[in-house]
C-alpha cells in the first residue's frame, strides 16, 4: 500500500469511483480509493439504480441531464469488458392524487424550459406504454424516454477498473480512522492498514459521510435513513420504463434479465444505521405493486434487503470545498439519488480539485448554503 | 409401459403405494403419470429430460437439484411460468410446457 498519494478518495461507492476515475483521467497520477468493505457495498449496491431527468428542481434537472449525457457513452468511455446495463426505456411517473398531478405539470414546465422532452399522458396513453398497468385511480402520468436505469455494481466496477488502468489503486477492507491537518491544510489520512500522506482528501463515504467529516471537525447536516427494497424472480417483460409515484411512494423497474426490483418509502422510518428488513415492508410493497401491475400477482419474491439514504436538509447533495480546510472536498448527502448523479459529480469534483473549468455550475451546492439560508427545494423525491 | 424404464418399483427401504394413474399434457401431447408424484418424475418416466431453456443462450436445462432450489427445471404449468417440476405434484389434466428462458406472465386484457 502507498504511503504517499496525490489524493485519497474515501469511499468505493459509485461516487468515489467516479471521482477517482476522473482524477486519474485528468492526469492526477497517484490517486487511491480507500473503501472500508468492498466496492459498492454501502448505498450504491443496494439502490434502485434509476436515472431520470424528471425532477422538479432546476439544479437536479441540469445535473441529471448532464449525467445522462455521460451514461449514454460510459460503457465505451470506460472500455468495460462487461455490460453496465444502461437502458433508456424511460420513467413513467404516475400521479394518483390531484395534488401530485398538479406538481407533475409544474415540474414539466421547468423540465421543458431546460430542454427535457418529457410529456404529459392521460391514463389511457400511459397504458399504451405499459399495457400491464392498472389505470384505476390514476390522474395522469408523465413520461421521459431518455430516463432509464443501469446496473450499480457493474457501473462502479467499470469506473474502478478504468481508474486502475490509469494507474490508480483501490484499497478494499481499508477503513479510514482519521484525517490529519495542520495550518488548515490536509496532511495525512490514517487507515486500518497504515497512513497515507496526501494534500487532498475527498469524502465520498455515503452513509458514513458525517463521521468522516467529523474527522476534520465538520458537523455535516445529514442523517441516514433505511429504505427497503426487494427483487422478484425473472419473468417475461411486464414493463419497460421505471414506474414511480410520490403519493404512493414507490418505484419499480424490471432489469434487463427479467427480475423486478421495487422499493417504497416509509414515512415512519426512524433515522439511523439499521439495514435490517421487515415483513411489514414486504406486505405493503406487494399490496401496492400488485394493484399497480396486477400481473405481478403470483410472481415470487426471491430476496429483500435495505440500504441507507443519506439525507441533506434540502434533498440535494453537498458538494465541493469547505472554507478553512485546504485540500478537503466532499460529495455527500445525495438523499437517495447518488447513483444517477455520480457521473457528472465525479467529473466536476475532479475538475474542481485540479483547478480546471467546471463542466457544470455547482456553486450553490456547497456546505455554506445552509448557513446562508440558500436552500434548494426538490418536490419530487421518493 | 415406461418409455425409458427408469421408474424404481422395488426398493429395500421405501414403499411404493398404489397410486392413481392420470392423464396430463406435455407440449400438447397426452401422457400418463401417477397423481401426486413430482412433475419431473412423470416426465422422466416418459423419457422427457429437457424441461427448460437457459436464460441467455437457450441451452437445454433439466432435473438438477431435485429439491426446488436451483431453477434448472422450471416449466410453465397451465400458463403459469417458473413452476419447479421437481417439487410440484402432478394433477390430472395439467398442461405443461417447456419454459423458454424467462416465462411470460399472463397479462389479463380488460
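The values are calculated or read from the model by the stated rules, or taken from the named source; none is laboratory data. Note that this is a predicted model, so its numbers are computed, not measured. Note that each Cβ is placed from the backbone with ideal geometry, even for glycine, and that neighbours are counted across all protein chains shown.
Annotations for the structure displayed:
- If the condition is being modelled with pLDDT under 95 and out of contact with any strand residue (DSSP E or B) (no Cβ under 9 Å at 6 or more places or on another chain), then segment A:21-54 contributes only A:29.
- Residue count, segment A:215-239 (criterion: buried (at least 17 other Cβ atoms within 10 Å of the Cβ), within 21 Å of the chain's Cα centre (by Cα) and farther than 30 Å from residue A:366 by Cβ): 3
- For segment A:164-191, the tally of residues that are touching a strand residue (DSSP E or B) at 6+ places or on another chain (Cβ under 7 Å), touching a residue at least 40 places away in the same chain (Cβ under 8 Å) and not in a strand (DSSP E or B) stands at 4.
- Test set (1) more than 14 Å from chain B (Cβ to nearest Cβ); (2) out of contact with any helix residue (DSSP H, G or I) (no Cβ under 6 Å at 6 or more places or on another chain); (3) surrounded by fewer than 21 Cβ atoms within 10 Å (Cβ to Cβ) - residue A:196 fails condition number: (3)
- Residue in segment A:148-159 that is within 22 Å of residue A:290 (Cα to Cα), assigned to a loop (DSSP other than H, G, I, E, B), touching a residue at least 24 places away in the same chain (Cβ under 8 Å) and more than 14 Å from every other protein chain (Cβ to nearest Cβ) present: no
- Scanning segment B:58-110 for residues that are more than 12 Å from chain A (Cβ to nearest Cβ) and in a strand (DSSP E or B) yields B:60, B:61, B:75, B:89, B:95, B:96, B:97, B:98.
- Some residue of segment A:353-367 being over 30 Å from residue A:96 (Cβ atoms) and outside the structural domain of residue A:27 (by TED's automatic domain parsing): no
- Checked against the criterion of being more than 14 Å from chain B (Cβ to nearest Cβ), closer than 30 Å to residue B:71 by Cα and in contact (Cβ under 8 Å) with a residue 60 or more places away in the chain, the candidates A:238, A:220, A:243 yield just one match: A:243.
- Annotation note: Cβ proximity below 9 Å between a residue of segment A:280-303 that is within 9 Å of another protein chain (Cβ to nearest Cβ) and on the phi > 0 side of the Ramachandran plot and a residue that is at pLDDT below 95 and in a strand (DSSP E or B) (sequence gap 6+ or interchain) occurs for A:298/B:80.
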